[in-house]
1. Being in contact with a helix residue (DSSP H, G or I) (Cβ under 6 Å, 6 or more places away or on another chain) and assigned to a loop (DSSP other than H, G, I, E, B) is the filter here; which residues of region 36-59 pass it?
2. Could you please give the count of residues in region 9-68 that are among the charged types (D, E, K, R) and free of Cβ contacts under 8 Å to residues at least 60 places away in the same chain?
Amino acid sequence: MSAPAVSAPLARVPNALTILRLALIPIFVALLIPADGGKSWPAAIVFGVAGVTDQVDGWLARKWHVESDFGKVADPLADRLMIDAAVILLVVEHHRLPWAALVLILVRDALLIGGYKLIVPRGYELSVNFLGKAATWLLYASLAFVMVTADGTDWPLWIFWAGVGLALAAGALYLRSAVQVIRR
């Protein structure tokens with residue numbers, strides 16, 4: 001089955017959505033910093049829009065077979081930056097997440113970014129696996145829920161830790177496949 005033909009302007013939509021997500025990061029930060037106790041519907045809505053556009057741009061890129069080299073790097077980077085910004089602010093500024101959350105998320109993301117720079121020149125092509133997508137979705141959802149619930153509400157944290165667990169499992173799968181490529 002051949003890829004559907006899409007016009008050049010439509011082929012740019014996934015990248016435009018990724019750029020939009022990157023542009024939403026400072027807006028999100030500006031809305032969450034002054035939030036009382038980290039509770040902010042406006043920040044959560046901007047964060048949610050970023051999460052939805054992540055799903056839409058990925059779906060469009062796969063459906064239209066138009067993922068560019070820019071998208072392959074910028075799309076996961078936009079997710080990492082948005083999620084990292086939320087975790088940093090919810091830990092450091094608002095004390096809504098434990099410090100362990102910040103350490104795990106930042107270490108995972110540093111390993112992903114650093115590992116990417118090491119393995120791509122060796123021929124490894126990073127493609128997002130199902131666990132990675134599920135982890136990102138759970139992290140977006142849980143962090144948005146933290147931003148709209150009262151301090152001390154536990155259920156968003158359960159979803160958050162499930163997302164962290166899936167992210168670590170996805171990272172292990174990425175590592176395993178990267179090691180296999182490097183050993184060839």
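1. Answer for region 36-59, where residues must be in contact with a helix residue (DSSP H, G or I) (Cβ under 6 Å, 6 or more places away or on another chain) and assigned to a loop (DSSP other than H, G, I, E, B): just Ser40.
2. 6
Bear in mind these aren't lab numbers, they're just calculated from the coordinates by the rules spelled out. Predicted model, so just to flag it, every value in this text is computed and none were measured. In this analysis, Cβ positions are derived from the backbone assuming ideal geometry, glycine residues included, and neighbour counts consider all displayed protein chains.
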